[in-house]
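A short reminder: the numbers here are calculations on the coordinates, not readings from a lab. Predicted model only: the values in this text are computed from it and were never measured. Here the Cβ positions follow ideal geometry from the backbone for every residue, glycine too, while neighbour counts run over all protein chains shown.
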Amino acid sequence: QVCPRLRTPQLPIWLCSVSRRHSVLFGTDRQLLSDWKMERVFHLYFYSGQQEQTKTVHLTVDTHSHHWEEDQSEDPSSPGKRRLSLEMAIRTKWAGATVSWNGTDPFF
């Protein structure tokens, strides 16, 4: 039998399979699970266990970013316009969100 704490986590946590690699995406704010107003700008942490990752990555997610402020003249398939796999995974929960890597070079 599964413990009730495992069925209802105390903190937001997602097990991810991005680009066929398993990783963990989690938050430290309990209110993110229960208060939709907390979903405007919030912080998540990402750990993949890859050798190139030396510390947990701190991400800032903004769900109210303005997509129309992006450069519309750029081709969506150009390298500058492509989104990282992790960002696309985050967008499955928060469509249209922007993700800031807070100074960490994106590696995933």
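How much net charge surrounds Phe42 when only the other residues with a Cβ under 13 Å from the Cβ of Phe42 are counted, with Lys and Arg +1 and Asp and Glu -1?
Values: positive: Arg30, Lys37, Arg40, Lys93; negative: Asp29, Asp35, Glu39, Asp62.
Net charge in that neighbourhood comes out at 0.
Taking 7 Å along the Cα-to-C-beta vector as the label spot, tell me the Ser85-Gln50 distance in nanometres, rounded to one decimal.
Taking the simple label geometry, Ser85 and Gln50 are separated by 0.7 nm.
Working out 0.36 nm times the residue gap between Asn102 and His43, then minus their Cα-Cα distance, what length gain in nm do you get to one decimal? Numbers along the way, then the final one.
Working: separation 59, 0.36 × 59 = 21.24 nm, distance 1.03 nm.
20.2 nm is the gain from fully extending Asn102 to His43.
Determine the gain in length on full extension of the stretch Asp29-Leu11; use 0.36 nm per residue of separation and subtract their C-alpha separation, reporting nm with one decimal.
On the way: separation 18, 0.36 × 18 = 6.48 nm, distance 0.66 nm.
Separation in residues times 0.36 nm, less the Cα-Cα distance, equals 5.8 nm.
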